[in-house]
1. What percent does the relative contact order of the chain come to when contacts are Cα pairs within less than 8 Å and at least six residues apart?
2. Rank A59, A185, F147 by how far each Cα sits towards the positive end of the charge dipole of segment 13-185 (+1 on Lys, Arg Cβ; -1 on Asp, Glu Cβ) and give me just the farthest.
3. Given axes a ≥ b ≥ c from the Cα gyration tensor, I'd like to know whether the chain is rounded (a/c under 1.5), prolate (a/b larger than b/c) or oblate.
4. Starting at the first residue of segment 259-267, write each ³J(HN,Hα) from the Karplus equation 6.51 cos²θ - 1.76 cosθ + 1.60 with θ = phi - 60°, in whole Hz, x for Gly and Pro.
5. What is the distance in Å between the Cα centres of segment 309-339 and segment 30-59?
6. Hey, what do the phi angles of segment 189-203 turn into as Karplus ³J(HN,Hα) couplings, whole Hz, using 6.51/-1.76/1.60 and θ = phi - 60°, x for Gly and Pro?
7. Take every DSSP beta bridge with both residues inside the chain and express the antiparallel ones as a percent of the total, to the nearest 5.
8. Counting Lys and Arg as +1 and Asp and Glu as -1, each charge on the Cβ, what is the dipole of the chain about the Cα centre in debye, to the nearest 20?
Amino acid sequence: MPTNTHIASGLSVAAGIDRLAEVAVRTGLNVREGQQIILTAPLDALPLVRKITEHAYRAGASLVTTLFNDDEATLARYRLAPDSAFDTAATWLNNGMAEGFRSGAARMAIAGGNPSLLSGQNPDRISRASRAASIARRPTLEIITAFEVNWSIAAAATPAWAALVFPDLPEEEALENLWHAIFMASRITGDDPVAEWKQHNANLHKRADRLNELRFAALHFSGPGTELTVGLADGHRWCGGSSEARNGITCNPNIPTEEVFTTPHRLKVDGYVRSTKPLSYQGSLLDGIQVRFKDGQITEAHAEKGENILNKVLETDEGARRLGEVALVPHSSPISQSGILFQDTLFDENASSHIALGQAYTECMLDTDDISPETLSARGANSSLIHIDWMIGSGETSVWGLDASGARVPLMISGEWTETL
Ligand code: ZN
Ligand code: ZN
């Protein structure tokens, strides 16, 4: 769509923020009476943070603790800190958050920072800082990927992000546009968004259940620049929509969500694949990614934009070159149909089928009670310090399910579900 088109969601920005906050607390987190919430957010997301805090206390939260990050402060580090500073991360903070989760707190994150904040900064510093941050985040990433607690991510429009998505509009109008786009993508513009989310979850559960019945051994993606076979992990489970965390609370980890997803086999991915949308990773934009897989591992990687960042990310650890997630999203998803390129993974991954490099979700595996990391790995679930989703689906992408004998069942033709599903 032209980037100067005006978007109207039918809600005022203030009313939309209030509703988004209510859906984030009630549907996203489903906060339990007496539960603490650890909230992380960009400083510019303050209006949404305040509304989430109000709705959380109304829903019975005992304490909401917010940790803000500020893009300007991040840039000041790149401008002024000594070069030796970039291997440092706030390990103490992540350890503290992990302790909070272990003692029962829920995790709420607000997305919305500038997706290209670090463009123009030294790639070596970016990758060192990102590696240090990934290592520091390990304890919290483990809790989240094992789904120990209820958690959710929602998004706030911020001026820097809005300027990137709507470069032809004045700042105020761009910001308003982005809020409306977020409200529509987050399915909160109807009369009863909490009830509509129940229906949306039921639809996603039905699709995941059907894929679980079909029990494919592999998926095959075919499209321009893509012929990729993704073997699925032994005892993989398809997930989608709301699900129950190990603390017994059913939550929606992503607002919005349009995907059904599962665990690929870390050793069984072969072929080549080209990305269909740019991707923002920790402040850097990557675009035109083309990679080749052999026996699960990326053997060749190129990108039209951000190639050196991509290659540094792939060096993070052994698991960074292998897949931890494969997800199916129809081309007709409302986010895709909006025609807006959000340049934020929370939205763009829900407009397109995608794969993720790195860590797998334990939730997307069957029979994982008391399972050892070695057994998980032997069944094909990947582990890594990173989890990076990137988009490979479009209206020109078709997907087949392959059973153990290699027979092919069409799942998506030209980006849309077939009747099999
Ligand atoms: Zn996904
Ligand atoms: Zn993912």
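1. Reported as a whole number, the value is 16 percent.
2. So the residue furthest toward the plus end is F147.
3. rounded
4. Working through the residues one at a time gives 9, 10, 8, 8, 9, x, 7, 4, 10 Hz.
5. Taking the Cα centre of each part, segment 309-339 and segment 30-59 sit 28 Å apart.
6. These are the phi-based 3J(HN,Hα) values: 8, x, 6, 9, x, 5, 5, 5, 5, 4, 5, 4, 4, 4, 4 Hz.
7. Counting only bridges with both partners in the chain, antiparallel ones make up about 75 percent.
8. Dipole about the Cα centre, nearest 20: 560 debye.
Laboratory data are not the source of any read-out in this text; all were calculated from the coordinates shown. Source: prediction; values computed, not measured. FYI the Cβ positions are ideal-geometry reconstructions off the backbone, even for glycines, and counts take in every protein chain you see.
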